[in-house]
Every structure is written in C-alpha cells, then in structure tokens.
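The values are calculated or read from the model by the stated rules, or taken from the named source; none is laboratory data. Everything quoted here is computed from the prediction, not taken from an experiment. A quick note on method: Cβ atoms are made from the backbone with ideal geometry, for glycine too, and the neighbour counts reach across all protein chains shown. Calculation scope for accessible area: heavy atoms of the full protein, side chains included, ligands and nucleic acids excluded. Shrake-Rupley method; radii C 1.70, N 1.55, O 1.52, S 1.80 Å.
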Amino acid sequence: MGNSCTCFERGSWDGHPGVTASYPEGSEVYQDMTQPLSHYFISSGHNSYLTGDQLFATAGTATILKSLRAGCRVIELDVYNGPICKHGGTFTSPVSFQKCIAAIGQAAFITSHYPVIITMENHTDVANQGKMAEILLKVLGERLFVPDPEDSRREFLSPADLKDKIVCRTSIKHSGIYHPEFRKLIYIRNTKCSSLQGMIKREDVVSSSFEESAMPQSDDLGPDDSEAKMERQKKKLLKKRRIWKEQLEKSPEDLGDEPEDAVLPGEGGMVAGSLQELYTYTSRHMARVYPALWRVTSGNYNPMRAWVRGASLAALNWQVWDKALWCNEAKFMDNGRCGYVLKPQWMRSPEAKLPQGTSRKLVVRVHSAYKFQGRNCLLFKDDLFIKINIWGMPCDCSSQKTRTAHDTGRLLVDKEFVFSLRFPEMAVLCLALKDDDSGGIGGAVRSAVADSLGYFALPLSILKAGDYKLVLKDPVTGQPLDSQHNWMKVGLRWEDGARGEGDTDQQRDKESVAVEAATNPMYAGRDPQGQNP
C-alpha cells in the first residue's frame, strides 16, 4: 500500500476495453467415470464437523453443508460415544452424530451426483457403533451404500457404480470388536501402510492415512521446498498447542486425537520407494493425506504435494479459505466440477512408464488489472502487481510477477510471461492481484509481504485459449468480488497450439505414455521455489 495520501481516482478506467469475455468454465462431466475409485483425485474435507479453529471452535453442520455445496465429496467425522462428533482432547464443543449425518443427506447431491464418502475416526464402543449403524440406515435410507458381503474387494467400485450413493470409510482392525450391523456398512477399510512393497502385494484393496509430514517419500520427487516454511509455522503454532494442553484436563475417552491407523511423522521407517512403486500402490489403494495436528488455526498444506504422489484424498480444512483451497478449487473445476478428476494414465496404470514428452510452452499475456480505491481522499492507495503461479509436478512449479504500479488502482502491463510445462494435465494456474505493502527498495517488489487483493485459478488440463476479463475472487472467502471494481485482463494460449479447447483426457493420456523412460529425466532443472502455494 502506498505511503502517501492522494485523492480518489475519478471516473472509470479500462486499459483494454476490447477484452470483455468471461473465462468459460466447462459444466459437463466428460471423463470416464467407470474406473475404480482409486484412479481419481477426489475433493476432500478434514474435521468437517468443526466451524472454526481446531481448539476452541463450536462443532456443527455449517462446514459440512458449505463444503458439499462447493463440490467436496469426502466428509470427515471424529465420532465418540453418544454418538457425538468432536475433536478429542480440545475445548471444541460436540455436535450429535445424527445432525451431521442429516446434514450430509441434505446436501450430498446438490452439486454432484457422484458418491459422497463419510470417513469416520471411530472412538466409540460396540453399543454406540450399533447406534451409528441405526442412524446411518434410518437417516440416509436407500442413499446409503451397503456393500455386497460377497465382494472380494480386489478392486474398488467406480464413481459411476456408486452414483447417488453415500459410502462409509473407517478402520476395521482384525483384533478389534465391532458391532456386526456397523461393520456391514463399511466399504472402504482403512489400514496402516508400513511399506509400499507390502501394500502392492495385498490382494484386497484398502485405504491408508498419512499425516502431511509423513507422506510417502520418493527420491524421484526431490526435496520438498515447503519443509522450511512448515517448520516456521509449526514452531509458532506449537506454542499455542502447549498452552491449551497444560490447561486441559483430559478424560481417558478424550485421548487419541490422531488416527490410530495413520502414518505419523517420526515413526520408525518412513514409507518410501521409487516413484513407480508409489504410483503402483496408489493406483489400487486409496491414500489419504490430512493436515498436521499443529495446524490449530485450521490452515492447510499444499494439496499438490499429495496429488503428485498419487494420493486420491488430499483432505483439507474447509473452515477457512486459503491458498490450498484456491488450488483445490481450481483442480476440481475440471470434469464439470463433479468432485472427481481422473488421474493421468501414467499414475493409474502400474505397467506404464513415466512419460518423457516434449515440454509445452504456456503463454500468459497480462494486459491490465483494476482495483477500485474508494471515494475517500484520506485513504491510502494500493501498489498493484500480479503474481503468476504454476502449481503442479515439481519440474513444472514456478512463479513470475509483473511490474508494480504505485499509489493507484490501475495496473497496465502489456507483457507476456512464458512457462515451460511437461505435465499440464496436473498443473494449476493461479493469478493473484497483490498490493506491495512494503513499498520495496528501489521499486523492487518484496512479494513475501505483499497482500492478496483477489485471485483467479484454473486447471491447465482444460485450458481455453483466448483473451479474458477475469472476475477476481475474495482471497479469504473464495466468493466473487464486484466485477465492476475488481478485475484482471489476460490472454492465455499454448505457444504451439497443441493443447487447448477440445483436448480430451484420453488424448492427453495417449501423449503422456507415448515415450517410455528408463530413468526419470522429467525432474531435471526443477524450480523448487514455486512448489508451495
């Protein structure tokens, strides 16, 4: 924000009046929906019964309804005797399990008719499991999917098979005691993953959970650039956690706020293997990654870190709206916003080699941007610039920024920015209008302290080439801003014209497996600085 007070900018302004088209978003499901669930990325929630932070928030159904209406397909409930839903070992208030299930039933298929998955952290005794089964059957009725007891589970059913159905996911341990009626309802069974090789050899398909810091590792993916940033956040937030831990008197039934079957950081022998082993594992089984316990303010990790590992479920806190949800929203703009996006061919076919195709050149021409500065002469004006991020496979992650227009709401750029991508089918493009709050040194932009004023994000898998006037979204709510006072004008195209409107997922799959690679050269020259949103 500028350091001088000047009068408001009179009249309307538009540096490119000929650019008026809105970005066209596809509304049809065009991908093959008959493949196993594990072949899809699925829009997912975490601690969906909370309405705010992870320590003191009121539990309720608001986040469940909000996320389902926004296309989320996985709702997570921590269930305790009652049965109630609450965050164990915290000051959060409980909400009844029945209310949560009723909310799921109310909003499950408003946005999408593809299956909703209820993932339950089950801390209940046998009697309460019986009550849970009764509630699920009574409230959801025919919409509740009851698995065939004769199903060998050699392969998951498809989204098409489960259309308009609500599916239960939880842990069923061999040594545990479960109510028979509750056990009958569980289709996706969670189990601990000790090694990729062991999971690959399993005959039955299962699901595994990983805390974000314990995601399966592969040397082929290279170092995770977000680790340093996460450590800084972790130290700050752990102080808060220690304070309330000292204040809280726990009862035995409140313990266990981490899933028993999850892989946690610091455990002996982190799950690791080659990238090919990782994709062989995730092509059959469903991997779920969830936010670390220290994210007490309901913040999120970058879901792309989970998706590049083949994880179907990148579980996010929908109680807030942050850059992770910008990325998630853009990813699931694909395939008619149905909440399911088919993984690339090389991720879902164990026999396929990683592709070694030619890079594509994405050209982003930034024309101009506008942010209304108000009608008060005493208001400070913004110092506007645009940051362009590519989030995707590590080799494709990068960012660039425009010049800064100081003390004005009118940014004229007229410049092209070129990005090289090997895997556009995985990538998300995010354009953020920012205010350089520092003023910079010698006119330089210090983007680390810049404030986001609005953003627009989209998946490159279905990029529509053209010139557009993008209506920006509020960075903290995700809601569209006033289009008259907040916009950005850009041109988008592939330099060779090889990808754009009309490309199908099947065509992209054929390209991605056209060339076999004995090694993995796709990560050469990666720019790790761009990997984290």
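A few comments on the model shown:
- Contact map, segment 185-196: residues that are small (Gly, Ala, Ser) paired with residues that are open to solvent by 10 Å² or more (accessible area, probe 1.4 Å), Cβ distance under 8 Å, separation 6+ or inter-chain. Pairs shown: SER194/GLY269; SER195/GLY269; SER195/GLY273.
- Verdict on TYR114 being within 21 Å of ARG143 (Cα to Cα), touching a Pro at 6+ places or on another chain (Cβ under 8 Å) and in contact (Cβ under 8 Å) with a residue 12 or more places away in the chain: yes
- Identity of the residue in segment 52-80, assigned to a loop (DSSP other than H, G, I, E, B), among the small types (Gly, Ala, Ser) and modelled with pLDDT under 95, that ends up farthest from THR477 (Cα to Cα): ALA57
- Pairing residues of segment 26-53 that are closer than 30 Å to SER96 by Cβ and β-branched (Val, Ile, Thr) with residues that are open to solvent by 30 Å² or more (accessible area, probe 1.4 Å) and assigned to a loop (DSSP other than H, G, I, E, B), at Cβ distances under 6 Å and at least 6 apart in sequence or on separate chains, gives THR51/THR58.
- Annotation note: of PHE109, PHE91, PHE145, the sole residue that is of a type in the set (Phe, Trp, Tyr), out of contact with any strand residue (DSSP E or B) (no Cβ under 7 Å at 6 or more places or on another chain), more than 25 Å from ASN300 (Cα to Cα) and open to solvent by 10 Å² or more (accessible area, probe 1.4 Å) is PHE109.
- Of everything in segment 325-359 that is modelled with pLDDT under 95 and in contact with a Pro (Cβ under 8 Å, 6 or more places away or on another chain), the residue that is farthest from GLU495 (Cα to Cα) is TRP346.
- Search result, residues across segment 399-420 that are in contact with a Leu (Cβ under 9 Å, 6 or more places away or on another chain), open to solvent by 10 Å² or more (accessible area, probe 1.4 Å) and under 23 Å from LEU221 (Cα atoms): SER420
- Test: ALA133 is modelled with pLDDT of 95 or more, under 28 Å from PHE332 (Cβ atoms) and part of a helix (DSSP H, G or I): no
- Tally of residues being touching a His at 6+ places or on another chain (Cβ under 8 Å) and either open to solvent by 70 Å² or more (accessible area, probe 1.4 Å) or not in a strand (DSSP E or B) (or both) across segment 194-212: 4
- Selected residue (criterion: farthest from SER207 (Cα to Cα)) from residues of segment 33-53 that are polar (S, T, N, Q) and open to solvent by 10 Å² or more (accessible area, probe 1.4 Å): THR51
- Scoring ASP407 on the criteria (1) among the acidic types (Asp, Glu); (2) within 25 Å of THR20 (Cα to Cα); (3) in a loop (DSSP other than H, G, I, E, B) leaves a single failure, condition (2).
- Which numbered condition ARG153 fails, given (1) open to solvent by 50 Å² or more (accessible area, probe 1.4 Å); (2) at pLDDT below 95: (1)
- Residue in segment 280-291 that is within 12 Å of the chain's Cα centre (by Cα) and closer than 22 Å to LYS353 by Cβ present: no
- Candidate set from segment 136-186 (those that are assigned to a loop (DSSP other than H, G, I, E, B) and among the aliphatic types (A, V, I, L, M)); member that is farthest from SER112 (Cα to Cα): ILE177
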